[in-house]
Every structure is written in C-alpha cells, then in structure tokens.
1. Could you please find all residues in the range 80-94 being among the β-branched types (Val, Ile, Thr) and under 18 Å from the mean Cα position of the chain (by Cα)?
2. Condition first: in a loop (DSSP other than H, G, I, E, B), touching a strand residue (DSSP E or B) at 6+ places or on another chain (Cβ under 9 Å) and open to solvent by 20 Å² or more (accessible area, probe 1.4 Å). Now tell me which residues in the range 156-178 satisfy that.
3. Only one residue in Ile283, Ile290, Ile246 is part of a strand (DSSP E or B) and either open to solvent by less than 30 Å² (accessible area, probe 1.4 Å) or among the aromatic types (Phe, Trp, Tyr) (or both), so which one is that?
4. So, in the range 202-237, exactly how many residues are of a type in the set (A, V, I, L, M, F, W, C) and open to solvent by 30 Å² or more (accessible area, probe 1.4 Å)?
5. Any idea which residue in the range 105-147 is nearest to Gln303 (Cα to Cα), counting only those that are of a type in the set (S, T, N, Q) and assigned to a helix (DSSP H, G or I)?
6. Of everything in the range 18-57, what is open to solvent by 10 Å² or more (accessible area, probe 1.4 Å), in contact (Cβ under 8 Å) with a residue 60 or more places away in the chain and either within 23 Å of Glu80 (Cβ to Cβ) or in contact with a Pro (Cβ under 6 Å, 6 or more places away or on another chain) (or both)? Give them in sequence order.
7. Which one is nearest to Asn75 (Cα to Cα) among residues in the range 1-48 that are small (Gly, Ala, Ser) and in a helix (DSSP H, G or I)?
8. Has the range 85-106 got at least one residue that is open to solvent by 40 Å² or more (accessible area, probe 1.4 Å) and modelled with pLDDT under 95?
Amino acid sequence: MNEVRWGIIGTGTIAQAFAADFKYAKTGVLRAVASRSKESADAFAERFDIELAMMDYFSLINSHEVDVIYIGVPNSLHFELAKACIQAGKHVLCEKPFTLNEQQAEELFELAKKYEVFVMEAMWTRFNPAVEQALEWVEEGEIGLLQSIQASFCINGSQDPEGRLLSKELGGGALLDVGIYPIFLAQLFLGKPDFIQNQAVVGDTDVDVFEQLLLGWDAGQLAALESSIISQQPNRAVLSGSEGYIEFGQNWYQSKSLTLVKADGAEHSIEFDVPGVGYQFEIEEVNRCIQEGLLQSPNHSWQNTLDILSTMDEVRQDIGVFYPGEPEPCDHDCDIEHHHHEHGHHKH
C-alpha cells in the first residue's frame with residue numbers, strides 16, 4: 001500500500017485534537033471527515049485542510065477514498081460504527097474505551113480476523129515518548145523490582161446531565177472516560193490484576209463520577225489509582241521500585257517530561273520535544289502496522305484492550321453501573337465473593 005489514507009468519523013473535541021496533530025505524523029494523509037451534519041463536516045474540513053467532507057458516517061465508511069477510519073464519537077457508538085467499518089473492509093482506530101464492555105470488543109476482534117483488517121484502540125498514551133522511556137527504564141532495571149504504581153486522572157468536566165460525560169445512554173462515567181488511563185498504565189507494567197478493591201461515587205444520572213481503585217497482583221505489587229469527572233488534580237504518575245522511582249510530569253498521560261530518581265538520591269530528568277498533544281505517535285503506529293500487513297499492534301494488542309475492559313467491567317458490576325442493552329447479571333444482594341473484590345458505592 002502506498003500512502004495510508006485516513007478518514008475521521010466525528011467532529012467533536014477529541015476529533016479536533018486528533019486532526020490538529022495529524023500534521024505532525026511522518027506518514028499518512030488525512031483525506032476525509034464525516035459528521036451527522038454537512039455544515040459541521042464542511043467547517044471541520046476547511047479548518048484542517050481536508051479534501052472530502054461527508055454528511056453521514058456511512059458515506060465515509062463505504063468510500064473508496066480512505067483505507068483507515070478513526071472513530072471519535074461518544075462511547076455508545078463505538079461498537080456499531082467499528083463493526084460497520086470492519087465489515088466494509090476498512091482498518092479501524094477507535095477512540096478509547098474501544099467498546100463499552102469486553103464482550104463487544106471480542107466480537108469486533110473476531111470480525112477483524114474474518115475481514116482481515118487492522119483494528120486498534122486509540123490508547124494514544126501508550127505511544128507517548130515518556131511512556132516509552134519509562135518502559136525502557138523499568139525493563140533495564142533502573143528502579144530495581146517494580147513494586148507499586150500511583151496514578152490519577154481527574155477533571156472537573158461538564159455537569160450537563162445529557163452531555164457525554166454524565167449520560168448513561170452515551171456510555172458516560174469517570175471510569176470509561178478518564179479512569180481507563182490509570183488502569184492502562186498499571187496493566188501496561190504489571191499485567192491484568194489478581195484482585196481489585198474499589199470505592200466509587202455514583203451520580204444522579206446513575207453513572208460513576210469518582211472512584212479510587214486498588215489493584216493487586218499475587219507477586220506482591222499494588223497500584224493505587226484515582227479518577228474523577230467532578231474534581232481537579234495534578235494528575236501525576238509514579239512507578240516505585242526497590243532501587244528508585246520514575247515520576248512523570250504533570251498530566252502524565254500526555255507528559256513531556258520524565259524523572260528517574262535513584263535510591264541514593266541521584267536524579268536524571270528528560271524533556272521530550274513533542275509538538276501538539278501527541279496523537280501523531282499512534283497515527284504512525286497504525287500506518288506502520290497497516291504497511292506491514294498486521295491485524296493488530298504488538299505494542300497495544302487486542303488482548304491488552306480486552307484486559308483493560310475486563311477490569312472495568314468488573315468494577316462497574318461491583319458498583320452497579322450498567323449501560324443500556326447490557327445484562328445486569330447480579331443484583332445488590334447477590335454473592336460476589338468469586339470476584340475477589342471489596343467494594344462500596346455512594347450516591348453523589
């Protein structure tokens with residue numbers, strides 16, 4: 001395949017940030033955008049110098065002008081649109097969370113195998129140079145044995161009950177919107193946890209607005225994670241080991257700095273020259289994988305996505321947050337001992 005041609009579904013905030021960073025990617029061409037409104041698609045195309053503006057999602061999905069489609073719409077639409085893209089033979093980069101739950105993701109990955117298309121969750125933080133450097137330091141033993149992780153992602157978001165953050169119908173809630181990032185970080189370094197404890201606050205719209213998670217592994221590691229859509233934080237992350245620790249700069253998920261502190265107090269800091277927010281790195285990964293004929297990225301695999309969704313599914317079941325169409329396998333009086341969880345939830 002020559003230059004990989006991209007289309008974008010959606011014209012909201014996340015799609016705008018993605019399109020703005022596309023110019024920093026070393027490969028690929030941004031060819032088309034689709035919105036449910038022709039006016040919105042036209043304005044987006046003009047702003048980001050995109051040749052084709054389409055007035056509905058399926059015009060783009062069925063277009064011969066694009067090879068891969070980035071899905072940047074509310075969570076509740078991810079499954080349906082990704083499925084349509086795959087069945088149309090399009091490669092897919094779908095914004096996180098990839099789907100609402102693990103079962104939906106499994107279905108999409110099976111379809112991707114059948115149609116032989118590349119599919120990846122847009123976990124853009126995975127490809128951030130600071131995260132790549134932290135992985136390298138941990139693998140090289142710079143902090144000895146990694147023993148604990150602390151990470152938070154808290155914002156004071158829109159309190160519109162019908163907006164994407166708080167709407168159950170749109171797949172809202174702190175866990176899927178921002179809590180997914182600390183979970184991703186913990187599982188990137190330590191794998192899927194062996195037990196989960198959580199405390200959550202459920203808001204008036206019956207989605208979670210704030211939670212603290214403690215993930216544990218049988219080998220003795222712990223991760224303390226916090227997420228919120230009703231409060232601000234510096235949003236830092238620290239990887240602690242037997243011989244030192246690694247600290248990300250503020251807003252660690254898009255951090256442009258990293259500090260290694262050894263047990264003797266010696267410090268080594270790195271600043272990364274990253275233009276824009278940093279979406280270009282996942283774009284380059286998708287282009288590379290497509291050019292190499294891969295169906296999934298070895299750096300953020302289908303199993304990585306399934307493991308993250310599995311953790312979030314278990315937390316949501318514990319706190320009683322379910323989305324339309326999801327089964328509610330367990331009422332509040334049932335025995336959940338087999339989940340190895342301790343939990344609590346409060347109304348906000």
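The values are calculated or read from the model by the stated rules, or taken from the named source; none is laboratory data. Quick caveat: nothing in here was measured; it's all calculated off a predicted structure. Glycine also receives a Cβ, built like all others from the backbone with ideal geometry; neighbour counts cover every protein chain displayed. The area values use the complete protein model at the heavy-atom level, side chains included, leaving out ligands, DNA and RNA. Shrake-Rupley method; radii C 1.70, N 1.55, O 1.52, S 1.80 Å.
1. Within the range 80-94, just Val92 meets the criteria.
2. Hit for the range 156-178 is Gln159, nothing else.
3. Among Ile283, Ile290, Ile246, only Ile246 is part of a strand (DSSP E or B) and either open to solvent by less than 30 Å² (accessible area, probe 1.4 Å) or among the aromatic types (Phe, Trp, Tyr) (or both).
4. Number of matching residues: 6.
5. The extreme case among them is Thr125.
6. Of everything in the range 18-57, just one residue is open to solvent by 10 Å² or more (accessible area, probe 1.4 Å), in contact (Cβ under 8 Å) with a residue 60 or more places away in the chain and either within 23 Å of Glu80 (Cβ to Cβ) or in contact with a Pro (Cβ under 6 Å, 6 or more places away or on another chain) (or both), namely Tyr24.
7. So, considering only residues that are small (Gly, Ala, Ser) and in a helix (DSSP H, G or I), the one nearest to Asn75 (Cα to Cα) is Ala15.
8. No: zero hits.
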